[in-house]
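Right, one structure below, let's go through it.
The values are calculated or read from the model by the stated rules, or taken from the named source; none is laboratory data. Computed from a prediction, not measured in an experiment: that's the story for all the values here. All Cβ positions, glycine included, derive from the backbone under ideal geometry; neighbour counts span all protein chains shown. Protein only, heavy atoms only, side chains kept; ligands, DNA and RNA dropped before computing areas. Shrake-Rupley method; radii C 1.70, N 1.55, O 1.52, S 1.80 Å.
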Amino acid sequence: MKRLILTLTILIAGVAWNSTQAETKENRAETPHELRIGVGDCSIYYAQRYTNPLHPPVVSGMEGIEKSRHFDMILPNIFIDYQYRVNSWFAAGVQVNTIWDKGTDCTINIAEMEAQLIDFSEGWIHLIPTATFTYFHREWVNLYSGIGVGYAMQIEAKHKARNVWHTFAAQATLLGISVGKGHWFGSFEAGALFTGRSFPDRCFTFSLGFRF
């Protein structure tokens, strides 16, 4: 994931370096559609679920029983975002997010010295209508904030059983920075993505976009 974030950061910096002319409000009106693909930082999402295998927590209600969860594969938050710019300061759109992981649940019976290992995989899919407010226009840099509320689905497969939960999803972009002129641009966002079953799932994103 660190390599992916570093690669996107370098590409965004390249876009900014080549942006030598201002993107005026008139230019923005000629390309009202924006399509982005990006990756988000899920460190907090996984920190909430990760347990050190050397020090598993005691589960209440069953004395002498301990459980831990170990991740074998962790995929970052990947998203696709579409925005239609109604005017120079407001845009409406929709964002689709995914987060996936795979690992093993370990249950240890201390009294009987037995351990049970169960493989699991789980993932989230978010579908969120969004509203974006651009409040700063300067040459090749735009600053914006945004909000969104929508639908989330959690899928979990464990020991040949499959469970699906449906809940709401919401996101808030506290600070967004877009760099680039013309059709291509890059962006960085700081905020939060969360659902009715988890908070937060994402705090930072890097993306590349195309205006048309």
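One line per residue, one yes/no per condition, for (1) part of a strand (DSSP E or B); (2) out of contact with any Leu (no Cβ under 7 Å at 6 or more places or on another chain); (3) closer than 18 Å to Cys203 by Cβ:
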position: Val96; (1), (2), (3): yes, no, no
position: Asp101; (1), (2), (3): yes, no, yes
position: Ser121; (1), (2), (3): yes, yes, no
position: Ile128; (1), (2), (3): yes, yes, yes
position: Ala131; (1), (2), (3): yes, yes, no
position: Asn142; (1), (2), (3): yes, yes, no
position: Ser145; (1), (2), (3): yes, no, yes
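Can you name the residue in region 131-151 that is under 13 Å from Phe90 (Cβ atoms) and open to solvent by 50 Å² or more (accessible area, probe 1.4 Å) and is also farthest from the chain's Cα centre (by Cα) among such residues? So the residue we want is Tyr135.
For region 161-212, taking the residues that are touching a residue at least 60 places away in the same chain (Cβ under 8 Å), in contact with a strand residue (DSSP E or B) (Cβ under 8 Å, 6 or more places away or on another chain) and not in a strand (DSSP E or B), the one that is nearest to Ala131 (Cα to Cα) is identified as Phe212. Answer yes if at least one residue in region 109-123 is at pLDDT 95 or above and out of contact with any helix residue (DSSP H, G or I) (no Cβ under 7 Å at 6 or more places or on another chain), and no otherwise. No, region 109-123 contains no residue that is at pLDDT 95 or above and out of contact with any helix residue (DSSP H, G or I) (no Cβ under 7 Å at 6 or more places or on another chain).
Only a single criterion out of (1) modelled with pLDDT of 90 or more; (2) out of contact with any Phe, Trp or Tyr (no Cβ under 6 Å at 6 or more places or on another chain) is not satisfied by Glu156, namely (1). Is region 107-116 home to any residue that is open to solvent by 30 Å² or more (accessible area, probe 1.4 Å) and within 23 Å of Gly209 (Cα to Cα)? Within region 107-116, not a single residue is open to solvent by 30 Å² or more (accessible area, probe 1.4 Å) and within 23 Å of Gly209 (Cα to Cα).
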